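Trainee: I'd like to ask some things about the structure below.
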């Protein structure tokens with residue numbers, strides 16, 4: 001009987017391929033199967049970041065994850081992917097599942113892993129988060145001394161957003177996308193709009209950094225994070 | 001006239017040398033001067049993590065940073081180090097300053113950079129944070145869906161700690177060290193002690209993972225982070 005393979009959750013970082021870790025490169029080069037999420041048009045940001053490291057001819061498995069938040073289709077997609085991955089693991093094949101950023105920081109990997117059962121061997125290779133990337137590109141510190149850093153998903157409702165932002169020394173608002181107008185309103189109401197910077201694709205090829213109030217009224221920054229620092233560290 | 005050199009703030013990650021990024025390796029291999037903090041006994045965790053990548057004979061500059069929080073000696077140490085680094089930069093030499101974790105995540109690099117003036121060329125190479133390392137080693141997600149993640153320094157006073165912990169879906173309490181008893185009391189009073197895990201040196205050679213209530217009453221976990229997850233993500 002073959003012993004079961006290991007599933008690796010591999011963080012490939014925020015966008016710059018040079019921000020892969022040595023360990024991520026090693027796992028990508030040696031795993032039997034490479035899996036990664038793709039969107040409806042077949043594009044995979046995770047695969048694109050790791051492309052230079054992927055050996056030619058390696059078996060790949062693209063997991064189509066619905067972008068919409070309706071729970072049903074997403075659940076089916078995870079169930080289906082978990083079934084296929086389980087099959088590989090049972091046959092003794094190792095699987096590296098590539099995740100943009102870090103596998104356990106607001107990423108889809110954990111929903112997949114949860115479906116595989118406690119008996120599976122799972123190893124996490126942490127990655128550089130979009131947060132660290134945003135800080136690096138703006139030189140805005142994420143935190144220091146006695147400061148509290150709050151990481152706040154833009155998917156929260158307006159009141160919850162405002163409460164979370166108002167209480168933090170430093171806030172990072174993630175998953176902004178089409179929630180941008182709601183977030184900007186919350187920041188204005190909290191008196192923090194002038195302290196906020198919008199980052200799109202930090203460290204990636206199409207990076208943009210814009211003070212919040214310089215974003216046009218009809219623009220929706222794509223794949224973005226907003227850093228809000230109440231006062232300078234010094 | 002030589003053009004001034006660049007100062008690189010290089011995150012070397014949480015402890016496992018395999019968690020260095022490709023970019024960090026590249027900068028460490030090519031910078032003219034390697035700088036890093038050392039403690040009073042001359043040990044440098046940052047240098048130890050990067051040791052395999054440091055070329056033989058490279059010029060090194062150990063920055064002695066007082067561990068005590070008294071502001072005076074620490075300020076003098078930063079002022080002094082900034083002066084020496086400035087000299088190298090003006091002479092056209094590049095300097096890589098190694099930081100455990102990420103240079104802009106509760107690290108000393110930012111206090112050094114602040115002393116160098118806005119005219120210096122500074123580039124940040126982000127690193128894997130202790131947070132991502134702790135998540136990877138315990139499989140505890142840092143955040144997902146609508147969750148707010150709070151990063152809370154253990155240096156806060158007991159009341160501020162309790163408030164910060166009580167409001168978060170997920171909290172990471174950093175810089176625990178000799179604040180352990182205060183933090184444990186705050187977690188008990190917030191009813192969260194049974195949800196807390198203590199990690200020492202996550203991914204490093206002497207890693208320890210202990211449920212909070214299994215830490216002995218007279219133990220002080222060294223170089224530790226506490227993860228507090230209110231409820232499972234599913």
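Trainee: Determine, yes or no, whether residue B:215 is within 18 Å of residue B:154 (Cα to Cα) and either touching a helix residue (DSSP H, G or I) at 6+ places or on another chain (Cβ under 6 Å) or modelled with pLDDT of 95 or more (or both).
Mentor: Judged against the criteria, residue B:215 is not a match.
Trainee: While we're here: Based on this model, can you work out whether residue B:115 counts as over 21 Å from residue A:132 (Cβ atoms) and under 21 Å from the mean Cα position of the chain (by Cα)?
Mentor: Criteria met by residue B:115.
Trainee: Taking the residues in the stretch A:130-149 that are within 7 Å of chain B (Cβ to nearest Cβ) and crowded, with 24+ Cβ neighbours inside 10 Å as candidates, determine which candidate is farthest from residue B:168 (Cα to Cα).
Mentor: A:136
Trainee: Being at pLDDT 95 or above and more than 16 Å from the chain's Cα centre (by Cα) narrows it down to one residue among B:185, B:129, B:163; which is it? It would help to see each step written out before you state the result.
Mentor: Working: B:129 fails: more than 16 Å from the chain's Cα centre (by Cα); B:163 fails: at pLDDT 95 or above.
After ruling out the rest, the residue left standing is B:185.
Trainee: With the requirement that a residue be at pLDDT 90 or above and in contact with a helix residue (DSSP H, G or I) (Cβ under 6 Å, 6 or more places away or on another chain), what does the stretch A:98-111 give you?
Mentor: Matches in the stretch A:98-111: A:98, A:99, A:100, A:101, A:102, A:103, A:104.
Trainee: With respect to residue A:220, determine if the residue is in a loop (DSSP other than H, G, I, E, B) and either surrounded by fewer than 16 Cβ atoms within 10 Å (Cβ to Cβ) or away from chain B (no Cβ under 14 Å) (or both).
Mentor: yes
Trainee: Collect the residues in the stretch A:95-110 that are part of a helix (DSSP H, G or I) and facing chain B (nearest Cβ under 8 Å), keeping them in residue-number order.
Mentor: A:110
Trainee: What's the total number of residues in the stretch B:20-49 that are in contact with a helix residue (DSSP H, G or I) (Cβ under 6 Å, 6 or more places away or on another chain) and either in contact (Cβ under 8 Å) with a residue 60 or more places away in the chain or buried (at least 22 other Cβ atoms within 10 Å of the Cβ) (or both)?
Mentor: The qualifying residues number 7.
Trainee: When you scan the stretch B:111-129, how many residues do you find that are buried (at least 24 other Cβ atoms within 10 Å of the Cβ) and at the interface with another protein chain (Cβ under 10 Å from one of its Cβ atoms)? Lay out the reasoning, then the answer.
Mentor: Applying the first criterion (buried (at least 24 other Cβ atoms within 10 Å of the Cβ)) to the stretch B:111-129 yields B:112, B:124-129.
With at the interface with another protein chain (Cβ under 10 Å from one of its Cβ atoms) added as a condition, the list becomes B:124-129.
Final tally of qualifying residues: 6.
Trainee: What number of residues in the stretch B:214-229 are more than 18 Å from the chain's Cα centre (by Cα) and within 12 Å of residue B:183 (Cα to Cα)? If you could, list the steps in order and put the result at the bottom.
Mentor: The first filter runs over the stretch B:214-229 and keeps only residues more than 18 Å from the chain's Cα centre (by Cα), leaving B:214-220, B:228-229.
From what's left, within 12 Å of residue B:183 (Cα to Cα): B:220, B:228.
Residues meeting the conditions: 2.
Trainee: Another question, if that's okay. Are any residues in the stretch B:157-179 touching a helix residue (DSSP H, G or I) at 6+ places or on another chain (Cβ under 8 Å) and under 22 Å from residue B:132 (Cβ atoms), and if so, which ones?
Mentor: Those that are touching a helix residue (DSSP H, G or I) at 6+ places or on another chain (Cβ under 8 Å) and under 22 Å from residue B:132 (Cβ atoms): B:165, B:171, B:172, B:173, B:174, B:176.
Trainee: Still on this structure, please answer the following. Having 1 or more residues that are under 19 Å from the mean Cα position of the chain (by Cα), over 30 Å from residue B:26 (Cα atoms) and not assigned by TED's automatic domain parsing to the domain that holds residue A:176 is the bar; report the helices (runs of 4 or more DSSP H) wholly within the stretch A:1-94 that clear it.
Mentor: Of the helices (runs of 4 or more DSSP H) lying wholly inside the stretch A:1-94, those with at least 1 residues that are under 19 Å from the mean Cα position of the chain (by Cα), over 30 Å from residue B:26 (Cα atoms) and not assigned by TED's automatic domain parsing to the domain that holds residue A:176 span A:71-90.
The values are calculated or read from the model by the stated rules, or taken from the named source; none is laboratory data. This structure is a prediction, so every number in the text was calculated from the model and none was measured. When we count neighbours, we look across all protein chains shown, and the Cβ atoms used for this are built from the backbone with ideal geometry, even at glycine.
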